[in-house]
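**Q** Take a look at the following structure, please.
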């Protein structure tokens, strides 16, 4: 029920206010508004705006300037105006909105209760309808974080998030995908795996995110080479022709509850395994994937630091995946250091293309990891004998068929007319002593790359010259930092002056890879 | 450290944007802003605005209308503009703000770690400096809610919140205060306790809140009689002369971190005992109170439903109060039903004045409860023999000295020229069957009063005609609902048509009061 301070025939004229309030709808009402007792709508109250059977929810701001809204008008921020879908000047009614009814379930979760599938469906539906404020979403995320959800609840959350938007159906028995849980800079294997498995004939309609907290996402890096912002029609046409694409996933309405929750989760820097599993699997299920490979890197500065933890997470993915009817395999990989040499869109694109071109200087760790992942995906094909995937993947790569497929995908998506180049401002960070590189802090080098301007400045980032186990002389360069702007250059420099992120020690201190592969 | 996308000499002109964004600072930047690469500031990112050694934090909105801000300008919402304290046209610099460093502690709390005093100090300082967004505060509140804080942490949070603003010192050994944890409609004892203990000569500089989720706060009710919005100077002068005041606490900067947290806690509807204890005690300590009486009402529809829970809460108040050096006593009272008859500012003020005037029709439960509370406070006076407080309080009330003191306080604060009157639109809710009133739902009658318009419409509310244990005939009125506006009248009516909030049963079903007093 809504407490409505409106009177029966009182309508306001709709006005578009050209303010971009991102994922939050804002309504603007003049303090002297003719019909409504504005003081009844406490500032920043949530209101519901109705007209012609449409309605949207918005946060209320009170305005004292008639140039923005007049007393007889109701203003809506750009996204709220678009969402309501009416013309300026149309008559709307405004009422104070009660908190979403599913907040009761969130409060029950805060006190430690177990939630049902219906509870999660109520929450995700209210989120998609813009009924949750950011603080209400934060309350839900924190309450259901860490040990907050048991695996049955995670299954229910996954199901509710999958149902929150559209679902693609490719009408094929084998639609493959891969996903890495993240945290390893330079780990751009997707751009190698996609052309390899597509060259084999598998369907892999890959949509990826842009970086939010990392120095580059797959979408940012692919964008160095070609357009990634495709309409659903373009995407389908390209996939039908090439069996694959490498697009940005932002335009599809797949598991939209997840996108909205991520817009709160990332800035808060909270990341629970339950939310992660539900987020990844709901997106893949909505995208119509039938077979999925999950990559969990483990290392001292990775998201997952211990094998024990990685195994727990694997079981959770398997439990939910099996019940949601997706064929899912988990591979635990070495996350002790960045993969490849470049960190930042242009530098990572350079590494990827070097591997595809079988360049002798291409980073071998990136090549090896991509081949292993592609090999596992190829084995989803019933016609590929167990254990032969790696060899097939290597043949596809070595023969140049993967490069050819990548070039076809780039041509289909629309090549960049002017390819961005590596940032011209640069300096080297050098070893303070002689010895062996025994540790590289993933977080630290990612932070250096971000301060240098990545991913916004595509040419900015870090180029690693030494990796774990390499012998270095005193003063020898460890990595090069690239920036496009002086201010960013200085910020990165201030950080690397305080610490390089590398530890130089003795050969025996280098930890051995103990992962599968 | 802040990631700054600014370049060295680039300044924007400050502009006041007449939008009231309540407790959240908002900055407006044009999408074609000359100097800043706006896309680097993702919409709704937090920015820091600097000039002349001043700086404030604000959320960024991107604007496409030069009538609001031009590309060379930076707009600030009203409260942000006031907080920065500069003139329009002055030059400001803008940079993207990193999340507050104390969010690390919040994230540690989310994973279940114990926080130190220094952690809580960092959090409250960042909150007071507007560095927390509402979602960050929600994360802190949920993570530290329920079983999230142990009592040592609650002590540290109390200390940090007390230190977050100014602290009054009355330079007297005995500065008394009282506080009820809330949830009982009509429970306006403060307006009786203050004149009684002040008439005895005790110092009681009472500041109260306005209602946020209830139908009336003490400040709303006192405002029916006189002004409550006093400057610190006025407040001090009145207290020095009358030994007391009954003012709104909103203007003082006492424990400001608490005010800001409450602006998130209330709309979320979360209320943990740790936060409650820290909130109440930090405010009282900052206000310079030396002796404090806490009232915990217990009842089936009160905030605290079981004696066991009330005792736990009492121990927590005692533990923190003792260590913070305040003399604190807790009284557990009967919260089975509303206190007095009126619910809503004018109706409650009527009840209070009736008790002060010794009107034979004055509600006896309100009188009795106020006398018990005042008696306990009077016993803080070393010269009052244990057990004699009640008798002294009764003498002060019966002799008319309490009324005289109340009139003096009203005269000092500034009487209302035109006293608000009881809402003219009214109807009665009647018993569906004959019997005895065996249950009254505090939440339900509070909700009826709010829908009728309280506390915004001071004359709106509910007037109880029957209380627990009263015998009623079928069709006899249980309570009367008053409203000032037709729409509110209809909303209240819709709710009472679905349920009255009363249960009529047999005499033996009335639960007996088992509380102290």
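**Q** How do the pairs read when you match residues in region B:4-31 that are more than 30 Å from residue A:495 (Cα to Cα) and within 7 Å of chain A (Cβ to nearest Cβ) with residues anywhere that are part of a loop (DSSP other than H, G, I, E, B) and at pLDDT below 85, using Cβ under 6 Å and keeping only pairs 6 or more apart or on different chains?
**A** Filtered contacts from region B:4-31: B:20/A:43; B:22/A:43; B:22/A:44.
**Q** Kindly indicate whether residue B:84 is more than 14 Å from chain A (Cβ to nearest Cβ) and under 26 Å from residue A:59 (Cα atoms).
**A** yes
**Q** Sort out which residues of region A:498-517 are within 14 Å of chain B (Cβ to nearest Cβ) and modelled with pLDDT of 95 or more, and write them in order of number. Even if it seems obvious, please write down each step before you answer.
**A** Step one: filter region A:498-517 for residues within 14 Å of chain B (Cβ to nearest Cβ), giving A:498-499.
Once the filter is applied, which keeps residues that are within 14 Å of chain B (Cβ to nearest Cβ) and modelled with pLDDT of 95 or more, region A:498-517 yields only A:499.
**Q** Could we say that residue B:462 is over 17 Å from residue B:350 (Cα atoms), at pLDDT 95 or above and either within 14 Å of chain A (Cβ to nearest Cβ) or outside any helix (DSSP H, G or I) (or both) here?
**A** For residue B:462, the condition - over 17 Å from residue B:350 (Cα atoms), at pLDDT 95 or above and either within 14 Å of chain A (Cβ to nearest Cβ) or outside any helix (DSSP H, G or I) (or both) - is not met.
**Q** Looking at region A:315-323, can you tell me whether even one residue there is within 30 Å of residue B:105 (Cα to Cα), more than 14 Å from every other protein chain (Cβ to nearest Cβ) and without any contact (Cβ under 8 Å) to a residue 40 or more places away in the chain?
**A** Within region A:315-323 (the criterion being within 30 Å of residue B:105 (Cα to Cα), more than 14 Å from every other protein chain (Cβ to nearest Cβ) and without any contact (Cβ under 8 Å) to a residue 40 or more places away in the chain), the answer is yes, since at least one residue qualifies.
**Q** Working only within region B:442-466, note down all residues that are surrounded by fewer than 18 Cβ atoms within 10 Å (Cβ to Cβ) and in contact with a strand residue (DSSP E or B) (Cβ under 8 Å, 6 or more places away or on another chain).
**A** B:465
**Q** Run residue B:447 past the list (1) part of a helix (DSSP H, G or I); (2) modelled with pLDDT of 95 or more; (3) within 16 Å of residue B:342 (Cα to Cα) and report the number of the one that doesn't hold.
**A** (2)
**Q** Now a separate question. When you scan region B:156-170, how many residues do you find that are under 18 Å from residue B:321 (Cβ atoms) and touching a helix residue (DSSP H, G or I) at 6+ places or on another chain (Cβ under 6 Å)?
**A** 7
**Q** Starting from residues that are under 20 Å from residue B:269 (Cβ atoms) and touching a strand residue (DSSP E or B) at 6+ places or on another chain (Cβ under 8 Å), keep the ones in region A:71-129 and report whichever is modelled with the highest pLDDT.
**A** A:129
**Q** Quick one: is residue A:262 over 30 Å from residue A:479 (Cα atoms) and more than 14 Å from every other protein chain (Cβ to nearest Cβ)? Give the derivation first.
**A** Working: over 30 Å from residue A:479 (Cα atoms): yes; more than 14 Å from every other protein chain (Cβ to nearest Cβ): no.
In short, no.
**Q** Report the residue count in region A:175-201 for those that are out of contact with any helix residue (DSSP H, G or I) (no Cβ under 7 Å at 6 or more places or on another chain) and assigned to a loop (DSSP other than H, G, I, E, B).
**A** Of the residues in that region, 3 qualify.
**Q** Further question on the same structure: Give region A:138-152 a look and list any residue that's facing chain B (nearest Cβ under 7 Å) and under 27 Å from residue A:48 (Cα atoms), or say none. Outline the logic, then answer.
**A** From region A:138-152, those facing chain B (nearest Cβ under 7 Å) are A:138-139, A:142-143, A:145-146; that's our starting set.
Listed by number, the residues that qualify are A:138, A:139, A:142, A:143.
**Q** Considering only region B:266-276, I want to know if a residue exists there that is in a helix (DSSP H, G or I), at pLDDT below 95 and away from chain A (no Cβ under 14 Å).
**A** yes
The values are calculated or read from the model by the stated rules, or taken from the named source; none is laboratory data. Computed from a predicted model, the values in this text were never measured in an experiment. All Cβ positions, glycine included, derive from the backbone under ideal geometry; neighbour counts span all protein chains shown.
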